[in-house]
Amino acid sequence: MVFLQRKGVWVKIGSFRIGLLLTLPKRKNNWIQCELGEILDIRNEKIIPDSDYPLMSFTSSGGIEEKGDRYDRSFLVKNSNKKYKVTKFNDLIYSSNNLDVGAIGLNKFGNACISIVYEIFSIIDDNPDVVSYILQTPRILHKIISYRQGALYGQYKIHSTDFLKVKIFIPKMVEQETISELINNLDFIITLEQEKIEKLELLKKYLLQHMFADESGYPNLRFRGYTGPWFKNKGKNIFKKITEKKQAHLPVLSATQDKGMVLRDEFNERLQYDRKNLSNYKVVRPGQFVVHLRSFQGGFAHSNYLGITSPAYTIFDFINTNEHNDIYWKFYFANDHFILLLEKVTYGIRDGRTINFSDFCTLNINFPSLSEQNKIAKLLFSLDSLINLRITKLENLTSLKQKLLSSLFI
């Protein structure tokens, strides 16, 4: 819940409450205009990396971080005495070539060495967080990028001398500290929410790996009271192919790997299709499944909607719908056990081809009783709902932060 006042911002999120009185920058009278050269010093020291100053990467998403496989090009370095630029905690760093995707920010790691292609500055007296926030606003970024020049091998360059000419408005230190506290508290809450989502997704992954039986017929993790082996049957004795057409008035559905069947107009408005051919599209009903072009990688798509989809797809349902829980099978068709099982009928398949339903029907599939299906489905569905709720909350927090940043700075 967010409360905005004429001269203040109040933020209430969960059990946290941030109440910080801010004089919002509606006028420039109380803010000081200056060139970046007045508040930043160039840091251009170069050394050979060592244990005190390890060689690191600078990325738009993570700032200073250890070199991953993508950024580690040490095998190209023939000279072990090669020097790199020194950076220290709260230095401001930017990448000329990637500035348009947010490659500007603070060093929150500490002492490190990074490539000489980056420009590094120490912040003289002002609050580092506030300086960084100001420089990441769209208007200031646009100013900075306007100095970008072409260089060798298709790389861009923004010279530090031009960067330091950029003019910004910055508040007095008392207001800087207030703004910094507000945004840092919000960042802390965002980080907590991200960690909760990561833990929930790890829990879901663990359950998907252990709650479904392998070829032994027994899962590693079960609800109390269930001890016997699961049933085993061929797909042809559980499922049947459905072919129903001539329902052009129904909404068009698209198959996805992570969300099942979705409304095409909401999922991808740019995706065009010829409405004259809709009468040939296949009907999909709630609780049914779709074998689509990417099924060999992500399993079969479950539908919550009544709609129509590509005639190239195969639609199937249960032979006896009252003996199975479609939500249970939705999770089963997306888990690793099933993807591995599909390899028996997907050898040699490439993008653009689909799985033959008759081949799928030859597979022996383990499955539990309906009552155990119901319990597994309820648990995984509840966990999915909680993850989606957290993701929505994270999106709202991130949106709130962006709105604050766009309102707090001139």
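What the table shows:
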item	result
Accessible surface, 1.4 Å probe, highest first, among residues L55, L141	L55, L141
Global geometry of region 357-396, whether rounded, prolate or oblate, following the gyration tensor of its Cα atoms and the 1.5 cut on a/c	oblate
Loop trypsin sites (Lys or Arg not before Pro), region 270-322, which have at most 13 other Cβ atoms in a 10 Å radius of their Cβ (DSSP)	R270
Stretch gain in nm, segment Q194-K259, where the contour uses 0.36 nm per residue and the Cα spacing is subtracted	21.4 nm
5 angstrom amide H check on I158, placed H, neighbours 5+ away	S96, Q149
Span-like helix ranges in the chain, DSSP H, alpha carbon extent 30 angstrom or more, Kyte mean at least 1.6	none
Spacing of the two label points (7 Å from each Cα toward its C-beta) at K403 and R275, in nm	3.5
Amide H partners (placed H, <5 Å) of F239, local residues excluded	I319
Accessible surface, per residue, of region 155-274 when the full set of protein chains is kept, probe 1.4 Å, Å²	63
Share of carbon and sulfur in the accessible heavy-atom surface of region 330-410 [1.4 Å probe, %]	54
The chain: calculated mean residue ellipticity at 222 nm from DSSP helix runs of at least 4, using -39500 (n - 2.57)	-9500 deg cm²/dmol
Calculated FRET value between K378 and K88, using beta carbons and R₀ = 60 Å, to 0.05	0.70
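The values are calculated or read from the model by the stated rules, or taken from the named source; none is laboratory data. Everything quoted here is computed from the prediction, not taken from an experiment. Cβ: placed from backbone, ideal geometry, glycine included. Neighbour counts: every protein chain shown. With ligands, DNA and RNA removed, areas are computed over all heavy atoms of the protein, side chains included. Shrake-Rupley method; radii C 1.70, N 1.55, O 1.52, S 1.80 Å.
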